[in-house]
1. Before we move on, is PHE134 crowded, with 17+ Cβ neighbours inside 10 Å and modelled with pLDDT under 60?
2. Pull up the stretch 37-85, narrow it to residues that are surrounded by 12 or more Cβ atoms within 10 Å (Cβ to Cβ) and of a type in the set (Ser, Thr, Tyr), then point me to the one that is modelled with the lowest pLDDT.
3. Can VAL104 be described as out of contact with any His (no Cβ under 6 Å at 6 or more places or on another chain) and surrounded by 21 or more Cβ atoms within 10 Å (Cβ to Cβ)?
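The values are calculated or read from the model by the stated rules, or taken from the named source; none is laboratory data. Since we're looking at a predicted model, the values are computed, not measured. Ideal geometry is used to build each Cβ from the backbone, glycine not excepted, and the neighbour counts take in all protein chains shown.
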Amino acid sequence: MHFRRFLLFALILFAVNTYAQQDVDFHLNAHLLTGKKVLKVKRDYHDPYLWALTANNGVYRINSLTLAVDDYTSVFAAYNNLQFTDIAGRSQDTVFLATNSANVIEYKKGVFRTIGPTDGLSGTINEVGMDHIFESLPKLPGAQFDGNVFLMISTSSNVYYYDCANEEILASGLEPANNHLWETTYR
């Protein structure tokens, strides 16, 4: 009886460990971005493309199926006066870059948009991250998100939600604080 319980426990533990493995199974430093200091790599769960941020504002798009690497660094050259601090890819043609300022840079199908104080953001940007869980949006008075994909923007004063479908920013209603996004915040 005890052996059966142990065997069942071992099988469940093995299944949980197998399920929790990372979906990116290659080494960016060693094989794809040789000689680059990789700072951040993010992949939207629903898209095969991942985006990598390297030292000196290097931006790369990588197809996780074919391992094709596209260098977008020169595309963002106009923003070299800012330091890129975080990256969040929405799809193969949409990426968001956090900067060491009060602005997030959106690149969508070849068009740039700066998301910042004029859109309602306040504070210096900490991190950015994509989320698909529409139900996790805070229930705030007047909050109307029609899309099911949004960008979370953490700043030194609040956490904001950017509706990717409607290009609208809404404060989350958290108490003013130096906020950070952790993967468990939006996964």
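1. On the way: crowded, with 17+ Cβ neighbours inside 10 Å: no; modelled with pLDDT under 60: yes.
When the stated conditions are applied, PHE134 does not pass them.
2. Checking each candidate, the answer is SER64.
3. Details: out of contact with any His (no Cβ under 6 Å at 6 or more places or on another chain): yes; surrounded by 21 or more Cβ atoms within 10 Å (Cβ to Cβ): yes.
Spelling it out, VAL104 is indeed out of contact with any His (no Cβ under 6 Å at 6 or more places or on another chain) and surrounded by 21 or more Cβ atoms within 10 Å (Cβ to Cβ).
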